[in-house]
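Engineer: Before I ask anything, let me first share the structure, which is written out below as structure tokens.
The values are calculated or read from the model by the stated rules, or taken from the named source; none is laboratory data. Quick caveat, the model's predicted, so the values are computed rather than measured. When we count neighbours, we look across all protein chains shown, and the Cβ atoms used for this are built from the backbone with ideal geometry, even at glycine.
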Amino acid sequence: MIAVHLDRVSVTYIQQPIFTDLSWEIHDDRCVGLVGPNGAGKSTLLRLLAGDLTSDTGYLVRSKGLTVGYLRQEPDLRPERTVLEETLTASARLGEIEESLARVEDRLGDPAVYGDEKALQRALEQQARLVEEFTRLGGPGYEGKVKATLRNLGFNDADFNLPIAALSGGQRKLVGLAKLIVVQPSLLLLDEPDNHLDLAGKALLEAMIRSYKGAVVIVSHDRYLLDVVVDEVVELEDGRLTQYSGNYSEYAFEKQTRLERQNQLYNVQQREVDRLQQAAQRL
């Protein structure tokens with residue numbers, strides 16, 4: 001099934017085209033490696049997919065109910081929060097419900113409410129609706145899920161109380177990743193997620209991507225990572241996308257084969273041009 005369809009989209013930055021008339025289909029069961037030279041527009045394309053940008057031309061169509069999670073090169077985290085506090089903010093709606101429940105509980109303790117039958121009934125009905133939604137969204141087990149996710153990404157319980165400001169670049173990347181895993185978006189966009197990670201962190205990242213239940217688009221310069229996690233490579237170069245089946249090594253081999261064929265065809269054409277020119281000179 002197609003998760004996202006791009007149809008002839010174009011993006012321009014300061015009157016300079018980044019890409020033009022670009023089309024692409026992202027399937028919901030694929031892990032795609034997005035590669036290309038620096039400055040080709042890979043991060044711009046991820047921002048377009050995430051909804052941070054709009055295209056100048058063309059269409060971007062998302063499947064019904066699609067949710068998108070985007071890990072930027074530098075995750076947007078609040079430095080004063082602890083690791084646990086920051087990760088708990090992954091589900092904004094659960095936080096809103098908890099705040100609403102706290103306000104309702106305050107109202108239930110107000111004599112003007114519990115002393116008024118109709119006002120009390122309205123408050124109790126609102127509380128019941130909020131509790132139902134909180135339960136449906138997994139609220140009762142949410143904190144436990146967050147802690148388990150952090151542990152799976154290499155954090156121990158003592159780390160939960162560390163402020164974000166005290167973390168290394170790699171640890172901040174893992175907190176950003178944890179926030180996405182907790183909410184499980186149907187399309188995961190990862191912009192150089194392995195930057196700043198040590199070997200242990202890269203192993204955890206690899207395991208997470210391989211087990212992820214959804215579509216993944218990853219930008220990375222780590223050929224080994226792309227070899228073990230992706231089943232499709234899409235190359236963005238000179239404003240055009242070229243798709244290759246298989247992992248990075250298979251992409252590199254097929255691209256080299258294509259280049260060799262193009263060179264052979266060019267040489268054949270040049271020899272034919274030379275032959276025709278020599279024949280014309282003899283006339």
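Engineer: Please give the number of the condition Gln127 fails out of (1) farther than 30 Å from Asp198 by Cα; (2) loosely packed, with under 13 Cβ neighbours inside 10 Å.
Structural biologist: (2)
Engineer: If you scan region 88-109, which residues turn out to be touching a residue at least 12 places away in the same chain (Cβ under 8 Å) and not hydrophobic (A, V, I, L, M, F, W, C)?
Structural biologist: Within region 88-109, the subset touching a residue at least 12 places away in the same chain (Cβ under 8 Å) is 88-91, 93-94, 97-98, 100-101, 104-105, 107-108.
Answer for region 88-109, where residues must be touching a residue at least 12 places away in the same chain (Cβ under 8 Å) and not hydrophobic (A, V, I, L, M, F, W, C): Thr89, Ser91, Arg93, Glu98, Ser100, Glu105, Arg107.
Engineer: Can you say whether Leu189 is surrounded by 13 or more Cβ atoms within 10 Å (Cβ to Cβ) and over 30 Å from Arg62 (Cβ atoms), as far as the supplied structure shows? Please lay out each step first, then the result.
Structural biologist: Values: surrounded by 13 or more Cβ atoms within 10 Å (Cβ to Cβ): yes; over 30 Å from Arg62 (Cβ atoms): no.
Against the criterion (surrounded by 13 or more Cβ atoms within 10 Å (Cβ to Cβ) and over 30 Å from Arg62 (Cβ atoms)), Leu189 does not qualify.
Engineer: If Arg8 meets every condition in (1) of a type in the set (Lys, Arg); (2) within 30 Å of Leu150 (Cα to Cα); (3) in contact with a Ser or Thr (Cβ under 7 Å, 6 or more places away or on another chain) apart from one, which number is that one?
Structural biologist: Every condition holds for Arg8 apart from (2).
Engineer: Here's a follow-up. Read through the list (1) under 19 Å from Glu96 (Cα atoms); (2) in contact (Cβ under 8 Å) with a residue 24 or more places away in the chain; (3) hydroxyl-bearing (Ser, Thr, Tyr), then give the number of the only condition that Thr135 fails.
Structural biologist: If we test Thr135 against (1) under 19 Å from Glu96 (Cα atoms); (2) in contact (Cβ under 8 Å) with a residue 24 or more places away in the chain; (3) hydroxyl-bearing (Ser, Thr, Tyr), just (2) comes out false.
Engineer: Same structure, new question: Which one of the conditions (1) free of Cβ contacts under 8 Å to residues at least 60 places away in the same chain; (2) in contact with a strand residue (DSSP E or B) (Cβ under 8 Å, 6 or more places away or on another chain); (3) more than 21 Å from His221 (Cα to Cα) does Ile14 fail to meet, given that it meets all the rest?
Structural biologist: (2)
Engineer: So Glu85 ticks every box in (1) closer than 30 Å to Glu132 by Cβ; (2) free of Cβ contacts under 8 Å to residues at least 40 places away in the same chain; (3) assigned to a loop (DSSP other than H, G, I, E, B) but one. Which box is left unticked?
Structural biologist: Answer for Glu85: the failing condition is (3).
Engineer: Is there a residue being outside any helix (DSSP H, G or I) and modelled with pLDDT of 90 or more anywhere in region 133-153? Before the answer, list the steps.
Structural biologist: Of the residues in region 133-153, the ones outside any helix (DSSP H, G or I) are 137-138, 153.
Those left that are additionally modelled with pLDDT of 90 or more: 153.
Among the residues of region 133-153, at least one is outside any helix (DSSP H, G or I) and modelled with pLDDT of 90 or more, which makes the answer yes.
Engineer: Of the residues Leu49, Leu71, only one is hydrophobic (A, V, I, L, M, F, W, C), touching a Pro at 6+ places or on another chain (Cβ under 8 Å) and at pLDDT 90 or above; which? Let's see the steps before the verdict.
Structural biologist: Details: Leu49 fails: touching a Pro at 6+ places or on another chain (Cβ under 8 Å).
Result of the check over Leu49, Leu71: Leu71.
Matching residues to (1) touching a Ser or Thr at 6+ places or on another chain (Cβ under 9 Å); (2) modelled with pLDDT of 90 or more:
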{"position": "Ser211", "(1), (2)": "no, yes"}
{"position": "Ala215", "(1), (2)": "yes, yes"}
{"position": "Gln243", "(1), (2)": "no, yes"}
{"position": "Ala252", "(1), (2)": "no, yes"}
{"position": "Lys255", "(1), (2)": "yes, no"}
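Table: residues versus (1) surrounded by 15 or more Cβ atoms within 10 Å (Cβ to Cβ); (2) out of contact with any Gly (no Cβ under 8 Å at 6 or more places or on another chain); (3) within 20 Å of Asn38 (Cα to Cα).
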| residue | (1), (2), (3) |
| --- | --- |
| Gln243 | no, yes, yes |
| Glu250 | yes, yes, no |
| Val273 | no, yes, no |
| Gln281 | no, yes, no |
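Engineer: So, one more: Filter region 161-186 for residues that are touching a Lys or Arg at 6+ places or on another chain (Cβ under 8 Å) and assigned to a helix (DSSP H, G or I); which is surrounded by the most Cβ atoms within 10 Å (Cβ to Cβ)? Before you say what the answer is, go through the steps one by one.
Structural biologist: Taking region 161-186 as the starting set, the residues that turn out to be touching a Lys or Arg at 6+ places or on another chain (Cβ under 8 Å) are 163-164, 176, 182, 184.
Next cut, assigned to a helix (DSSP H, G or I) only: 164, 176, 182.
Values: Ile164: 19, Gly176: 23, Val182: 20.
Once the filter is applied, the top-ranked residue is Gly176.
Engineer: Output the residue which, of all residues in region 237-283 that are of a type in the set (Lys, Arg) and in contact (Cβ under 8 Å) with a residue 12 or more places away in the chain, is farthest from Arg8 (Cα to Cα). Don't jump to the end; show me each part of the working.
Structural biologist: At the first step, the residues of region 237-283 found to be of a type in the set (Lys, Arg) are 240, 255, 258, 261, 271, 275, 282.
Filter again for in contact (Cβ under 8 Å) with a residue 12 or more places away in the chain, leaving 240, 255.
Numbers: Arg240: 11, Lys255: 24 Å.
Within region 237-283, the match that is farthest from Arg8 (Cα to Cα) is Lys255.
Engineer: Tell me the strands (runs of 3 or more DSSP E) entirely within region 193-283 that contain at least 1 residues that are over 22 Å from Leu48 (Cα atoms) and in the same structural domain as Val32 (by TED's automatic domain parsing). Step through it out loud before you land on a result.
Structural biologist: Numbers: elements: 215-219, 232-237, 240-245.
Counting at least 1 such residues, we get 240-245.
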